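Asks: Let me begin by handing over the structure; questions about it come next.
The values are calculated or read from the model by the stated rules, or taken from the named source; none is laboratory data. A quick note: this is a predicted structure, and the numbers were derived from the prediction, not measured. Note: ideal-geometry Cβ built from the backbone for every residue, glycine included; neighbour counts use all protein chains shown. Protein only, heavy atoms only, side chains kept; ligands, DNA and RNA dropped before computing areas. Shrake-Rupley method; radii C 1.70, N 1.55, O 1.52, S 1.80 Å.
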Amino acid sequence: MKPFYITTPIYYVNDRPHIGHSYTTISADLLARYHRLNGRDAFFLTGTDEHGNKIAEAAAAAGIEPQKFCDEVVNHFKNAWNKLDIEYDDFIRTTEERHENAVKQLLTVLHGATTDDGEAVIYTGTYEGMYCTGCEKFLTEKDLVDGICPDHKTTPQLLEEKNYFFRLSGYLDKIKELIESNELVILPDERRREVLGLLNQELFDFSLSREKVKWGIPLPFDPSQVVYVWVEALSNYITAIGYGRDEELLKKWWYEAETVHLMAKDILKFHCIFWPAMLLAANLPLPKTIFLHGFFTVDGEKMSKTLGNQIDPVELVDQFGADATRYLLLTQYPFGADGDIKRHRFVTKYNSDLANDLGNLVSRVVKMIEANFDGKLPEPTDGATGVQELISEAEDLPEKVENHINNFRIGSVIDETMNLVRSTNRFFDNNAPWKMIKEGEKEKAGGVLYACAEVIRIIAIMLNPTMPTKTMEIFSVLGLTQKDMNNLDARTFYILTPGSKIKITKSIFPRIDEKKAETKGQQEEKSKKKKDGVEGLIDIKEFGKVKMVVAEILEAEKVEEAEKLLKIQIEIGSEKRQIVAGIAKHYAPEDLVGKKIIVVKNLKPAIIMGIESNGMLLAASKGKKLTLVTLENDLPSGATIG
């Protein structure tokens, strides 16, 4: 059996993890855990993408060095994955020395490579066009919607800089051939068709370096430039498993393993076209499968900071526990498709599926054994109504689950297993073992309970990759241990030993009171609204702390390597100050000189892109428009507002 190597994308550290990151990572964790249960050697890689101008700007705005900024955000990711019981084998960071060294080696190989036509894979040129710092990618007119980036709702920056280019054109025909022959499998089929559609359009060679970005890995053959963030980010899939330093490790996990890249569909072009081209140029094998799942909305709205509907996975764990959170996120809609997460339904689904169906099944069966069989598993019998049908359904489940896993139907894995849970509940109710005991048919009742216990054992194994902790709790109730948790035993009925001790001390999934079910964040928000009457109200004393004055702009200039920022010299009465403001996309520096504006005078100084900013100007915005707050009548600089 080939080893199994699965990866998530490495997540950009411009923000804390949300349920979008969690959805992909839990899915990859489930797949890795399943293959391990099947006796297969598996390796699960995740990590963080930590270079690029966007990170440098965010760090500067926070007044700290980029590395420290990255370290702090990475801790949030690691904490979230720990809370969610994510069992990764390696966590790669692009600021690590092992990654940087391997990237330099890969770029050196590409620099010396040629296409089949004998042309250099890497060549110099000048890039003139648009760049979105939010995406950290170059854009063309057809990528835009009404002239703006559809993801970040901003106008791309116009760039002209010397770059090194990768000759993508030399590999497009080969990539198309590999996809059409399914040597490179792209799933779901909708994404495969999308990639083939892109390959039928005109695609240009891409830049693999940046001249004006400093926070990145220097090119080994030209240290004046850094590796384009996407090029070095894609390389993580091989830098983490030994490229450039451990040939045996790389051989096992890249050359000999079944390799699967799992991600959301927004990074399709980079993974399905650019990455295969880089691997072909470096004479390296391609991944076996690239699976691109869909997007989801939250309560019908696109997830965004502005709407405040980004769900913190740690909050969900605090409310439901790690296993239930994993279950709830993976059962909202079919895996791979676009869907909508209804947050208000989480408690209902938890109570229905986990507390009522699964938890109650375990509790009812075990408590009857404790009460009527001295806590010892009774002997099996074959006289119960529907027992053979139940056994057949249970024995068929592992093969069905394996088929779903092999086809990345994660939701179907859970659905099939929960169908068996419901069948077992019906079997229990239809046979009514409590009545059998009252009527003196204790042996027959014992057979019903044994069958139920055996099915619960199989269910626990099938749900273990989804809910690793709770299914081990169920195993403990049945007197089983980790060594019993394997797919081989799930394919066999009558594994449990009659007479073995069965005991339950607490509910596996306690019911949640829907009226009291609120996360910490929801409680804080409600408390704030109740306290203020209207969200965000402050009293006159708080407002009085803000000192606003009239200031005159003396000079203004753009901040190098920051498309949004201007450095502005202002005069407040006889005092001169410097502020940094994010208005460069709306005002040319020369148009600002002489304007009188309103500034907050008593704001603590901040370091932005290495420049001290002493104050904050006031501006109004709506949509893409931004306007400075100015005066109706002329007042001298230093005049007090309010």
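Asks: Eigenvalues of the Cα gyration tensor times 5, then square-rooted: what semi-axes does that give for the chain, in whole angstrom, largest first? Intermediate results must be reported in sequence, preceding the final value.
Replies: Numbers: eigenvalues 579, 242, 69 Å².
Values for the chain, descending: 54, 35, 19 Å.
Asks: Counting only protein heavy atoms and using a 1.4 Å probe, what share of the accessible area of the chain belongs to carbon plus sulfur, as a whole percent?
Replies: Summing carbon and sulfur atoms, their accessible area is 48 percent of the total for the chain.
Asks: Additional query: Label region 600-642 by shape, choosing from rounded, prolate and oblate, from the square roots a ≥ b ≥ c of the eigenvalues of the Cα gyration tensor; if a/c is under 1.5 it is rounded, and otherwise prolate applies when a/b is larger than b/c, oblate when it is not.
Replies: Oblate, since a/c reaches 1.5 and b/c is not below a/b.
Asks: Any idea how far apart Glu180 and Glu97 come out in nm if each label point goes 7 Å out from Cα toward Cβ?
Replies: A separation of 4.8 nm, rounded to one decimal place.
Asks: Tell me, what is the per residue accessible area of the chain in Å², probe radius 1.4 Å?
Replies: Using a 1.4 Å probe on heavy atoms only, each residue of the chain averages 46 Å².
Asks: Can you tell which of Gly638, Pro9, Pro188 lies farthest toward the positive end of the dipole of the chain, using +1 and -1 charges on the Cβ of basic and acidic side chains (Lys, Arg; Asp, Glu)?
Replies: Value: Gly638.
Asks: Debye sum, Cα scatterers, region 203-259, no solvent: what log₁₀ I/I(0) at q = 0.17, 0.18 1/Å?
Replies: Results for region 203-259 at q = 0.17, 0.18 Å⁻¹ read -0.67, -0.72.
Asks: When the label point is put 7 Å from the Cα of Glu389 along its Cα-to-beta-carbon vector, which residues of region 346-371 have a backbone N closer than 16 Å?
Replies: It comes to no residues whatsoever.
Asks: Okay, next question. For the Cα atoms of the chain, what angle does the longest principal axis make with the long axis of helix 387-406, in degrees from 0 to 90, nearest 10?
Replies: In the chain, helix 387-406 runs at an angle near 30 degrees to the longest axis.
Asks: Give me log10 I(q)/I(0) at q = 0.17 Å⁻¹ for region 1-109, Debye formula, one equal scatterer per alpha-carbon, no solvent.
Replies: -0.86
Asks: Sticking with this one: Work out the FRET efficiency for Leu631 and Ser574 from their Cβ-Cβ distance, taking R0 = 25 Å, and round it to the nearest 0.05.
Replies: 0.85
Asks: Here's a follow-up. How do the peptides 254-262, 177-185 rank, highest first, by the average count of neighbouring beta carbon atoms within 10 Å per residue?
Replies: Values: 254-262: 19.2, 177-185: 14.3.
In decreasing order of mean packing, 254-262, 177-185 become 254-262, 177-185.
Asks: Calculate how steeply helix 468-477 sits against the longest principal axis of the alpha-carbon atoms of the chain, using the helix alpha-carbon long axis, and give the answer as 0 to 90 degrees to the nearest 10.
Replies: 20 degrees
Asks: Okay, next question. Report, as a whole number in µm² per second, the diffusion coefficient that Stokes-Einstein gives for region 91-235 at 10 °C and 1.306 mPa s using the Kirkwood radius over alpha carbon pairs. Don't jump to the answer; show the numbers that get you there.
Replies: Values: Rh = 16.9 Å.
Stokes-Einstein gives a translational diffusion coefficient of 94 µm²/s.
Asks: Also, I was wondering about something else. Rg (Å, one decimal) plus Dmax (Å, integer) for the alpha carbons of region 162-252?
Replies: Expressed in Å, the Cα Rg and Dmax of region 162-252 come to 16.2, 42.
Asks: Quick one: if you stick a label point 7 Å off each Cα along the C-beta vector at Arg426 and Asp246, how many nm between them?
Replies: 5.0 nm
Asks: Check cross-link reach from Lys622 to the aspartates and glutamates: straight Cα distance under 17 Å, and skip same-chain residues fewer than eight apart.
Replies: Asp146
Asks: For region 361-473, just say rounded, prolate or oblate: build the C-alpha gyration tensor, square-root its eigenvalues into a ≥ b ≥ c, call rounded for a/c under 1.5, and beyond that prolate if a/b exceeds b/c, oblate if not. Before the final figure, lay out the partial values.
Replies: Values: a/c = 2.79, a/b = 1.90, b/c = 1.47.
It comes out prolate by the Cα gyration axes.
Asks: Right, next: Taking R0 as 25 Å, what's the FRET efficiency between Gln310 and Lys622 from their Cβ-Cβ distance, rounded to 0.05?
Replies: Step by step, r from the Cβ atoms, then E = 0.65.
Asks: List the residues of region 7-26 whose backbone N lies under 12 Å from a point placed 7 Å from the Cα of Ala62 along the Cα-to-Cβ direction.
Replies: The answer is 13-17, whose backbone nitrogens lie closer than 12 Å to the label point.
Asks: At q = 0.16, 0.17 Å⁻¹, what is the base-10 log of I(q)/I(0) for region 309-430 according to the Debye formula with one equal point scatterer per Cα and no solvent? Please give it to two decimals.
Replies: -0.94, -1.02
Asks: Something else about it: Between Lys558 and Asn602, what is the FRET efficiency for a Förster distance of 30 Å, r being their Cβ-Cβ separation, to the nearest 0.05?
Replies: With R0 = 30 Å, the Cβ-Cβ based efficiency is 0.65.
Asks: What does the extension gain come out to for Lys376 and Thr505, with contour length at 0.36 nm per residue minus their alpha carbon separation?
Replies: Values: separation 129, 0.36 × 129 = 46.44 nm, distance 1.49 nm.
So the extension gain works out to 44.9 nm.
Asks: Please sort 324-334, 199-209 by packing, taking for each peptide the average over its residues of neighbouring beta carbons within 10 angstrom, highest first.
Replies: Details: 324-334: 20.9, 199-209: 16.8.
The most tightly packed comes first, giving 324-334, 199-209.
Asks: First check a/c for region 226-269, with a ≥ b ≥ c the square roots of the eigenvalues of its C-alpha gyration tensor; if it is under 1.5, answer rounded, and if not, answer prolate when a/b is larger than b/c or oblate otherwise.
Replies: oblate
Asks: Evaluate the relative contact order of region 24-101 (contact order divided by residue number), counting alpha-carbon pairs under 8 angstrom at least 6 apart; express in whole percent.
Replies: 43 percent
Asks: What nm value, rounded to one decimal, do you get for the distance between Val593 and Glu190 when each label is placed 7 Å out toward the C-beta?
Replies: 5.5 nm
Asks: Hey, another quick one. Relative contact order of the chain, please, whole-number percent, based on alpha carbon pairs below 8 angstrom and at least 6 residues apart. Please report the intermediate quantities before stating the final value.
Replies: Details: 1092 pairs, mean separation 82.8, N = 642.
Relative contact order of the chain: 13 percent.
Asks: What value, in deg cm²/dmol to 500, does the helix sum -39500 (n - 2.57) over DSSP H runs of n ≥ 4 give at 222 nm once divided by the residues of the chain?
Replies: The per-residue figure over the chain is -11500 deg cm²/dmol.
Asks: If each residue of separation counts as 0.36 nm, what is the full-extension length gain between Asp143 and Asn406 once their alpha-carbon separation is subtracted?
Replies: That works out to 91.3 nm of additional length.
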